[in-house]
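The values are calculated or read from the model by the stated rules, or taken from the named source; none is laboratory data. A quick note: this is a predicted structure, and the numbers were derived from the prediction, not measured. Glycine also receives a Cβ, built like all others from the backbone with ideal geometry; neighbour counts cover every protein chain displayed.
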Amino acid sequence: MWIWIAALLIVHAQPKKNPWETMASPVKADQSIIYGSYSSGCIVNAEELPLAGPGFEVVNPYRHRYYAHTSLIQLISHLGKWAQNTGAGKVVIGDLGQPAGGPLTGAHMSHQIGLDADIRLHLLLPDKAITNRNSFNSTDVTQCRHSGKKINYTFLAEKWPLSSHQLLQTAALDERVERIFVSAGIKKHLCEAFADHPQWLKKIRPEWGHTSHFHLRLRCPEGMTSCLAQNPIPEDSTDLSGVGCSGNDFNSWFIASKNTHVSSACIPRSTKAEKNTLGSELPRWENVMNKDTFPKECKELLAAFAAKTKDPVFAEKKKSSETQLSQQKSTDTVIR
Ligand SMILES: [Zn+2]
């Protein structure tokens, strides 16, 4: 009997695998279609971003999150060319999305429809090679401290090269870009540095974390009704700057509230360690899929994939591509 109990415990101790992670390549179709929203959806016919290109480098390739909608691939190539042509160096790209999009395991809530990208604030200097391809970490530009109800940000000007704000500006000026999320400390600095408050500053939105990278989000592609757009940036009548540099919403980032931890106000709730199946809470990716709002097209896509993996020919092909991937992962570790 004890053997049975032990076996049951082992089965229960195994965290469930996120099925979107097991899809090794994009779902092919005549055209790219996005279903759902940034934090609840998937993508058909996503494009693979090359791991290096003119003016850009991708890090953490072992995470296999370098797939996106064509518009995002084109935007990254645009930013890369800007960096190369101006001599700023190379843009360092972190997570985009999975081959078929879908919810990710871990802290990300969005990145599900191929329109989100994490990009380092610091560019790789022109004469520098990447030292560790398996790390997205970089120097923090701002420090967040919590004292009583106040949240203070110290902006580290010496860690903020001109190329960092030029990169943000270049991205924000692009029509395809919907929002850019940065630490409230960085938004505050930009509001002070660009005191005439140009319109592009409006797209730069304060967010928790994001002290060494920014999160870039594109609009839904023109005319794609199955892609659910985000509400426009809310108008704040108390904001005299018109670009989110003053007013109640802006000020709320500097006061601890119910949305912030009491002990460490500078850490958002959403980055709390994700509970695995051992606890009562399901992992976030599973919660997303269980909701009625998760598009039926994405559920069907997953069901079709699951049926295909049971096909012995496909299963053999998948096994060999997974072996290739794990070999790639071990070679990546060597590049340091
Ligand atoms: Zn992100």
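Below are the figures for this structure:
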item: Residue match in region 69-90 (condition: touching a strand residue (DSSP E or B) at 6+ places or on another chain (Cβ under 7 Å), modelled with pLDDT of 95 or more and over 23 Å from Q166 (Cβ atoms)); result: yes
item: Residue count, region 130-155 (criterion: within 24 Å of the chain's Cα centre (by Cα) and of a type in the set (A, V, I, L, M)); result: 2
item: Residue match in region 272-281 (condition: at pLDDT below 90 and under 22 Å from V182 (Cα atoms)); result: yes
item: Criterion (surrounded by fewer than 13 Cβ atoms within 10 Å (Cβ to Cβ), at pLDDT 60 or above and among the polar types (S, T, N, Q)) met by exactly one of S257, S241, S263; result: S257
item: Region 24-37 residues that are closer than 15 Å to F294 by Cα and crowded, with 18+ Cβ neighbours inside 10 Å, paired with ones that are basic (K, R) and modelled with pLDDT of 90 or more (beta carbon under 9 Å, 6 or more apart); result: Y35/K296
item: Positions within region 235-254 being under 22 Å from R145 (Cβ atoms) and within 25 Å of the chain's Cα centre (by Cα), in sequence order; result: C245, D249, F250, S252, W253, F254
item: Pick from region 188-237, criterion closer than 27 Å to P295 by Cβ and of a type in the set (S, T, N, Q), ranking: surrounded by the fewest Cβ atoms within 10 Å (Cβ to Cβ); result: N231
item: Conditions (1) at pLDDT 95 or above; (2) surrounded by fewer than 17 Cβ atoms within 10 Å (Cβ to Cβ); (3) of a type in the set (K, R): number failed by K149; result: (1)
item: Strands (runs of 3 or more DSSP E) enclosed by region 84-181 - at least 2 residues per element that are among the hydrophobic types (A, V, I, L, M, F, W, C) and within 16 Å of the ligand (Cβ to nearest atom); result: 91-93, 116-120
item: Residue within region 216-227 that is assigned to a loop (DSSP other than H, G, I, E, B), touching a Gly at 6+ places or on another chain (Cβ under 6 Å) and away from the ligand (no atom under 16 Å from the Cβ) present; result: no
item: Residue satisfying all of: in region 189-221; among the charged types (D, E, K, R) and under 23 Å from the mean Cα position of the chain (by Cα); modelled with the lowest pLDDT among these; result: E207
item: Qualifying residue in region 30-38 (condition: of a type outside the set (A, V, I, L, M, F, W, C) and within 16 Å of the ligand (Cβ to nearest atom)); result: yes
